[in-house]
1. Quick check: Cα centre of segment 99-128 to Cα centre of segment 11-44, how many Å?
2. Using alpha-carbon pairs under 8 Å, 6+ residues apart, how would you state the relative contact order of the chain in percent?
3. Quick one, could you list the DSSP H helices from the chain stretching 20 Å or more along their long axis (Cα atoms) with average Kyte-Doolittle hydropathy of -1.0 or above?
4. Could you put Tyr156, Tyr91 in order, starting from the residue whose Cβ has the fewest other Cβ atoms within 10 Å?
5. How large is the helix-only mean residue ellipticity at 222 nm for the chain, computed as the sum of -39500 (n - 2.57) over DSSP H runs with n ≥ 4, divided by its residue count, in deg cm²/dmol to the nearest 500?
6. What is the set of long-range amide H partners of Gly221 at a cut-off below 5 Å, with H atoms built 1.01 Å from backbone N?
7. Have a look at Ala186, Ala63, Ala53 and tell me which one the Gaussian network model of the chain (Cα, springs below 10 Å) gives the largest fluctuation.
8. What ratio of Cα Rg to 2.2 N^0.38 Å holds for segment 52-226?
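What follows draws every value from the coordinates through simple rules; no lab data is involved. Computed from a predicted model, the values in this text were never measured in an experiment. Note that we place each Cβ from the backbone using ideal geometry, even for glycine, and neighbour counts take in every protein chain shown.
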Amino acid sequence: MNKNVIDAQQLMVQLLSYKNNNATNCEVWIAPPALYLMMAKDIFEKDEIGVFAQDMSEYVSGAYTGEISADMLESIDAAGSLIGHSERRQYHGETDSHCNKKVKLALDKGLIPVYCNGETLEQRKAGQHFEVVKNQTEVALFTLSAEEIKKVVIAYEPVWAIGTGETATPEQAQEIHAHIRSIIAAKYGQEVADEVSILYGGSVKPDNAKEIFSQPDIDGGLIGGAALKLEDFSKIIEAFN
């Protein structure tokens with residue numbers, strides 16, 4: 001929940017200009033506030049920047065004031081939506097059962113679900129992180145077919161490393177990413193697991209992006225505050241090159 005409409009538009013135009021003038025070695029997606037989705041689609045209409053919602057409803061339609069449906073996102077040609085972001089879980093009581101419904105609905109409508117999971121500081125200190133992430137992944141995703149889960153993007157967010165002063169090392173991030181991939185492999189097979197993109201969402205910044213992205217099971221990043229300035233976001237994008 002950042003930037004007024006003028007500032008948001010300026011950042012998008014800057015990003016478009018940067019993308020058009022620099023060769024990038026990764027896909028670039030943005031997830032602006034819902035109010036700016038149509039503007040983002042207009043700005044990036046002919047470009048390869050995917051526009052995602054920050055959340056979508058688990059319901060198809062109806063009297064759910066303030067919600068955004070998958071049909072609405074499909075109708076503006078959005079690429080997909082974040083689902084189960086740590087802040088939605090923390091402040092809005094979102095559970096993995098909710099996420100499961102949202103993921104399936106997104107896939108039914110041809111949208112890309114970016115499913116977020118990860119443990120809290122208390123869970124990490126209690127040594128529960130592997131089990132927490134396993135349970136989250138199974139409840140939210142394991143009703144999907146093999147073909148469906150290959151279309152899901154997973155974003156691992158170590159909640160304990162976001163705004164707490166704690167820092168996840170690239171090795172700790174890789175350990176959990178490998179764990180998530182092994183959980184998927186145990187259910188669907190290694191070939192399917194290898195096709196699932198797993199992003200890291202634990203305070204990626206210009207000075208740590210290259211080391212994080214060099215880990216074998218980390219396929220990209222879910223960038224927070226560092227994406228609010230083009231100077232920082234562009235350096236993170238370039239960390240893939």
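1. Here the two parts' Cα centres lie 24 Å apart.
2. Working: 376 pairs, mean separation 38.1, N = 241.
It rounds to 16 percent for the chain.
3. Values: long enough: 5-21 (24 Å, 0.06); 170-188 (26 Å, -0.38).
The qualifying helices are 5-21, 170-188.
4. Values: Tyr156 26, Tyr91 9.
Ascending number of Cβ neighbours within 10 Å: Tyr91, Tyr156.
5. Values: 12 runs with 111 residues, N = 241.
Taken over the chain, the calculation gives -13000 deg cm²/dmol.
6. For Gly221, the qualifying residues are Tyr200.
7. Highest fluctuation among the options: Ala63.
8. On the way: Rg = 15.6 Å, N = 175, 2.2 N^0.38 = 15.7 Å.
Cα Rg divided by the expected 2.2 N^0.38 Å: 1.00.
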